[in-house]
Amino acid sequence: MKKIITYGTFDLFHEGHRRLLERAKALGDYLIVGVTTQHFDESRGKVNVVDSIMERIENVKNTGFVDEIIVEDHDGQKIEDIQKYGIDTFAIGSDWKGTFDYLEDFCNVVYLERTPYISSTIIRKKTFK
């Protein structure tokens, strides 16, 4: 069985998130998604998360593409999870291109193209002026 993992905040869940999860699932047999806690996001400078972690987890679950959801809450967890779950491929949006190349020491790394003209940042700017 080929295992895939991806991570994200998945705030203000939108079509781009759904399509990313669909394409990640297509890379293998079993998709694990790490949903990032607000506290961990804040520690990395992302201070404008709108939805609660439970809402974000539920939105990810409701896509039907995900086999398992975990919570990401600390630095270094990606390597820990890759080893713990026997991951074959780490998949992430192309806006992170190059950032996670260091994970190639542990598994295959794939940068999936983003859905054009949609992002949580765009939605946030339109909704919360």
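Here, each number is a calculation from the coordinates, and none is a lab measurement. For clarity, every value in this text was computed on a predicted model and none was experimentally measured. Heads up, the Cβs are rebuilt from the backbone with ideal geometry, glycines too, and the neighbour counts pull from every protein chain shown.
Here is how the number arises for the chain: DSSP H runs of 4 or more residues each give -39500 (n - 2.57), the sum is divided by the residue count, and the result at 222 nm is -9000 deg cm²/dmol. Placing unit charges on the Cβ atoms only, positive for Lys and Arg and negative for Asp and Glu, gives the chain a dipole magnitude near 600 debye about its Cα centre. Based on the convex hull around the alpha carbon atoms, the chain presents an average projected area of 7.5 nm². Taken one residue at a time, the phi angles of region 59-69 give Karplus couplings (6.51, -1.76, 1.60, θ = phi - 60°) of 5, 5, 4, 5, 5, x, 8, 9, 8, 8, 10 Hz. Gly and Pro are set to x. Note on the chain: lysine pairs with Cα distance below 22 Å, sequence gap of 8 or more or different chains, count 21.
Farthest toward the positive end of the dipole of the chain, out of Gly34, Ile70, Leu21, is the Cα of Leu21, where the dipole comes from beta carbon charges about the Cα centre. Ranking Asn48, Trp96, Tyr111 by how far each Cα lies toward the positive end of the dipole of the chain (charges on Cβ) leaves Asn48 at the top.
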